[in-house]
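Undergrad: Here's a structure for you.
The values are calculated or read from the model by the stated rules, or taken from the named source; none is laboratory data. Note that the coordinates shown come from a computational prediction; the quantities given were computed from them, not determined experimentally. Don't worry about glycine lacking a Cβ; one is built from the backbone with ideal geometry, like all the others, and counts go over all protein chains shown.
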Amino acid sequence: MVLFSTTGFFTSLIRALNLRMAIIQIILIILILFGLLPAVGKADGRQPAPGDYHPPPAALVEQARRILTEVPLIDGHNDVPWQYRDRVQNHLDRIDFGRSTAGLSKPMHTDIPRLRAGHVGGLFWSVYIPVELAGPGAVRLTLEQIDLVHRLIEKYPDDLELALTADDIVRIHKAGKVASLIGMEGGHSIENSLGALRQLYRVGARYMTITHWNNVDWADAATALPEHDGLTAFGEEVIREMNRLGMLVDLSHVSAATMHDVLDVTAAPVIFSHSSAYALFQYPRNVPDDVLKRVRKNKGVVMVNFVGSFISEEVGLHYFAHEGEQTRLKEFFPADSARVRRGMEAWLEEHPYPQATVADVADHIDHIKKVAGIDYIGIGSDFDGISRPPIGLEDVSAFPNLIAELLRRGYSEQEVKKVAGLNLLRVFREAEKVASRLQRTTAPSDALIEELDGQLTTD
């Protein structure tokens, strides 16, 4: 009996995921087919993680709120700009950000009232564009997302203010507003152009994630088959130019080889804007321990992510099983989307979604503290880029719950202040110092990818 078309299945799977993920998913699909997958559980009326979750005491939550009036909580990654593009084609007036967005037909995690309730002091708005739009036009699309952020800030001047420096964040937080920074998510945004990189910095971008889900022409991603064994020569030049500008180098999404190559090249501390600890769950978007040790030496920061499939083994295995079952059904019924939908509904009845909790996030913070140290941890939620946030961290209003959970675990007030934002501020300031020094001695790079990576054709 032929279970599925192996050629189409394995080709699509390996293109989408790296080899380790492909192997894991293949094994899970085999287990599903033969009914041998207890890991994702049967529907028994109880989901272990939510059932085991106990909120921190109210007194600790109030202590957390008071702490966040003293230091800015800085979130490394929020995807509200993409929500505007995806839902309303960047028509700002079609989503009232000044009121709760929780009641929308597809609820959002972020709005001004909940930012206020969560005592958010600053955040990086991600100006993400999909990897499928890489190539000519990517810079224009990125500029449109940056423009959206500027317009959002201008529309709500009593609540939001553009931040371009570490000192801006501190000043804006003291003024009672949310410091709004801009982060580019994926090197495809610059179209292999250092000139584009410089101009995007000029209009406000203060970090760039080196890749997204796919490789770029000069760096390998964590979730694609390797092409470059990390950085190419042009990729190294991108890192040096980011250092010269003072743009933070973000290593979320990149392969381990790319992480190591960047750490070999960079003159400034790096960030991981939304990543977690690989040792706790072996998802390739997470940071291995050997890299965590190098982050300590580099004096960078890993901003722990809230994505359930990154931070919880149970949720991650369910994700792989879900994707495997969906792929299997599409292979069985390639022209019958309704049959696939019914099959997935039945599968989810049998295997309901588990859910991560705030305790899972704190576990990753604990691990990074153990391996790298308290000075190298931050927070990078990925709110409005995720579908099922952890219990206890349902939206941006819930950040004090994470701080309270850390206090419950014995973290001192100074330690939680570092995690909340002081560590990111230190990294930002050091990147600014490196840029000031480099700009006195180094001209802007006019290198071309064709020259450095051997692709230049001449007459």
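Undergrad: I'd like to know if segment 285-300 contains one or more residues that are among the small types (Gly, Ala, Ser) and in a helix (DSSP H, G or I).
TA: no
Undergrad: Are any residues in segment 261-279 buried (at least 19 other Cβ atoms within 10 Å of the Cβ) and more than 21 Å from ARG426 (Cβ to Cβ), and if so, which ones?
TA: Within segment 261-279, ASP261, TYR278 meet the criteria.
Undergrad: Let me ask something additional. Applying the selection to segment 156-194, what residues are acidic (Asp, Glu) and within 30 Å of ALA224 (Cβ to Cβ)?
TA: GLU185, GLU191
Undergrad: Taking segment 330-385 as the region of interest, how many residues are among the aliphatic types (A, V, I, L, M), free of Cβ contacts under 8 Å to residues at least 40 places away in the same chain and assigned to a loop (DSSP other than H, G, I, E, B)?
TA: Of the residues in that region, 1 qualify.
Undergrad: On to the next question. For segment 379-395, which positions are over 12 Å from the mean Cα position of the chain (by Cα) and modelled with pLDDT of 95 or more?
TA: Matches in segment 379-395: PRO389, PRO390, ILE391, GLY392, LEU393, GLU394, ASP395.
Undergrad: Now a separate question. Which one of the conditions (1) farther than 20 Å from GLY76 by Cβ; (2) at pLDDT 95 or above; (3) out of contact with any Gly (no Cβ under 9 Å at 6 or more places or on another chain); (4) surrounded by fewer than 20 Cβ atoms within 10 Å (Cβ to Cβ) does TYR156 fail to meet, given that it meets all the rest?
TA: Tallying (1) farther than 20 Å from GLY76 by Cβ; (2) at pLDDT 95 or above; (3) out of contact with any Gly (no Cβ under 9 Å at 6 or more places or on another chain); (4) surrounded by fewer than 20 Cβ atoms within 10 Å (Cβ to Cβ), TYR156 fails exactly one: (3).
Undergrad: Determine, yes or no, whether GLU132 is in a helix (DSSP H, G or I), surrounded by fewer than 23 Cβ atoms within 10 Å (Cβ to Cβ), modelled with pLDDT of 95 or more and not hydrophobic (A, V, I, L, M, F, W, C).
TA: Considered against the rule, which asks whether it is in a helix (DSSP H, G or I), surrounded by fewer than 23 Cβ atoms within 10 Å (Cβ to Cβ), modelled with pLDDT of 95 or more and not hydrophobic (A, V, I, L, M, F, W, C), GLU132 comes out as no.
Undergrad: Now for a separate question. Taking the conditions exactly as written (in a helix (DSSP H, G or I) and either without any contact (Cβ under 8 Å) to a residue 60 or more places away in the chain or surrounded by fewer than 20 Cβ atoms within 10 Å (Cβ to Cβ) (or both)), does ARG388 satisfy them or not?
TA: For ARG388, the condition - in a helix (DSSP H, G or I) and either without any contact (Cβ under 8 Å) to a residue 60 or more places away in the chain or surrounded by fewer than 20 Cβ atoms within 10 Å (Cβ to Cβ) (or both) - is not met.
Undergrad: Considering only segment 237-248, I want to know if a residue exists there that is of a type in the set (S, T, N, Q), in contact (Cβ under 8 Å) with a residue 60 or more places away in the chain and in contact with a Ser or Thr (Cβ under 7 Å, 6 or more places away or on another chain).
TA: yes
Undergrad: Enumerate the pairs (first residue in segment 417-434 and in contact (Cβ under 8 Å) with a residue 24 or more places away in the chain and closer than 10 Å to LEU73 by Cα; second residue anywhere and of a type in the set (Asp, Glu) and surrounded by fewer than 20 Cβ atoms within 10 Å (Cβ to Cβ)) with beta-carbon separation below 9 Å, excluding pairs fewer than 6 apart on the same chain, so at least 6 apart or on different chains.
TA: Filtered contacts from segment 417-434: LYS417/GLU70; LYS418/ASP375; LEU422/ASP375.
Undergrad: Going residue by residue through segment 137-147, is there one that turns out to be within 22 Å of the chain's Cα centre (by Cα), within 26 Å of ALA404 (Cα to Cα) and of a type in the set (D, E, K, R)?
TA: No: zero hits.
Undergrad: Suppose we filter ILE129, ILE172 for residues that are assigned by TED's automatic domain parsing to the domain that holds VAL88, over 17 Å from GLY385 (Cβ atoms) and hydrophobic (A, V, I, L, M, F, W, C); which single one remains?
TA: Among ILE129, ILE172, only ILE172 is assigned by TED's automatic domain parsing to the domain that holds VAL88, over 17 Å from GLY385 (Cβ atoms) and hydrophobic (A, V, I, L, M, F, W, C).
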